[in-house]
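K.L.:
Can you keep this structure in mind? I'll have questions shortly.
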Amino acid sequence: AQTVTQSQPEMSVQEAETVTLSCTYDTSESNYYLFWYKQPPSRQMILVIRQEAYKQQNATENRFSVNFQKAAKSFSLKISDSQLGDTAMYFCAFVDAGNNRKLIWGLGTSLAVNP
Amino acid sequence: GAVVSQHPSWVICKSGTSVKIECRSLDFQATTMFWYRQFPKQSLMLMATSNEGSKATYEQGVEKDKFLINHASLTLSTLTVTSAHPEDSSFYICSASSLQGYTDTQYFGPGTRLTVL
């Protein structure tokens, strides 16, 4: 079965510092996509970053970057220069390219950015 | 781009009544729309997947007759909770994946909080 594991239920970081959120996944597929979504207190789910499994280059979006280790099935998210607005639940998710686009979700990491 | 709206954002209804929630992709055509339910401090639970013009595919354990899904066009899907009961109270979220571009990526609506009295 395909699974996504986020081993850090809660994390905190000081404003302007860097934090890394962990995510591992399990699949036997070779073609898939990985995502980090952010859900702030408003509960709007926001796409943070997307990674295609066939690309070795790590995706980046401004202050957000990933460390994608395909062999280790690891997909961590690094947030640089943390801002108060980064306070949110962060979900790691996986989709098998041939599986009707159903997302497999991790349980989430609650990140608090402290002033 | 890739904006998804949901209406209403919150609704309170009496037990036994039906509630309809609309999900619209505002600036793209959606091949597939998804309906989720989220309990407090938990991840999203997929309820069903719908493709325009086709019957929805429900996840195991989701009552088809209770949660009616209609995907009438490439920009609109609706979820109707029929004969709602207090245990149906929850946060419902829809998402849509685009016909073009990153077809594997889901874009989410802001959610609907349903309270059944």
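The values are calculated or read from the model by the stated rules, or taken from the named source; none is laboratory data. Everything quoted here is computed from the prediction, not taken from an experiment. Heads up, the Cβs are rebuilt from the backbone with ideal geometry, glycines too, and the neighbour counts pull from every protein chain shown. Side chains are part of the model used for accessible areas, which takes the heavy atoms of the whole protein and leaves out ligands, DNA and RNA. Shrake-Rupley method; radii C 1.70, N 1.55, O 1.52, S 1.80 Å.
K.L.:
Of all residues in region B:1-16, count the ones that are more than 19 Å from B:Val116 (Cα to Cα) and in contact with a strand residue (DSSP E or B) (Cβ under 6 Å, 6 or more places away or on another chain).
P.N.:
Within region B:1-16, residues that are more than 19 Å from B:Val116 (Cα to Cα) and in contact with a strand residue (DSSP E or B) (Cβ under 6 Å, 6 or more places away or on another chain) number 3.
K.L.:
Residues B:Gln29, B:Gln100, B:Gln106: which one is closer than 30 Å to A:Thr3 by Cα, surrounded by 13 or more Cβ atoms within 10 Å (Cβ to Cβ), touching a residue at least 60 places away in the same chain (Cβ under 8 Å) and more than 14 Å from chain A (Cβ to nearest Cβ)?
P.N.:
B:Gln29
K.L.:
Here is a check on your reading of the model: is A:Ser28 within 11 Å of chain B (Cβ to nearest Cβ), hydroxyl-bearing (Ser, Thr, Tyr) and surrounded by fewer than 15 Cβ atoms within 10 Å (Cβ to Cβ)?
P.N.:
So A:Ser28 fails the test.
K.L.:
Right, here's the next one. Suppose we filter region A:27-85 for residues that are closer than 30 Å to A:Gln14 by Cβ, assigned to a loop (DSSP other than H, G, I, E, B) and of a type outside the set (S, T, N, Q); how many remain?
P.N.:
Total meeting the criteria: 8.
K.L.:
Can I ask one more? Could you list, in sequence order, all residues of region B:54-73 that are assigned to a loop (DSSP other than H, G, I, E, B) and either under 14 Å from B:Phe34 (Cα atoms) or open to solvent by less than 50 Å² (accessible area, probe 1.4 Å) (or both)? Steps first, answer last, please.
P.N.:
As a first pass, look at region B:54-73 and keep what is assigned to a loop (DSSP other than H, G, I, E, B): B:54-56, B:59-66.
Residues satisfying the conditions are B:Ser54, B:Lys55, B:Ala56, B:Glu59, B:Val62, B:Lys66.
One line per residue, one yes/no per condition, for (1) of a type outside the set (Ser, Thr, Tyr); (2) touching a strand residue (DSSP E or B) at 6+ places or on another chain (Cβ under 9 Å):
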position	(1), (2)
B:Ser18	no, yes
B:Phe28	yes, yes
B:Thr57	no, yes
B:Gln60	yes, no
B:Ser89	no, yes
B:Tyr92	no, yes
B:Ser97	no, yes
B:Asp104	yes, yes
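K.L.:
Being over 19 Å from A:Pro41 (Cβ atoms), in contact (Cβ under 8 Å) with a residue 60 or more places away in the chain and surrounded by fewer than 21 Cβ atoms within 10 Å (Cβ to Cβ) is the filter here, so list the residues in region A:64-94 that pass it.
P.N.:
A:Lys78, A:Ser80, A:Asp81
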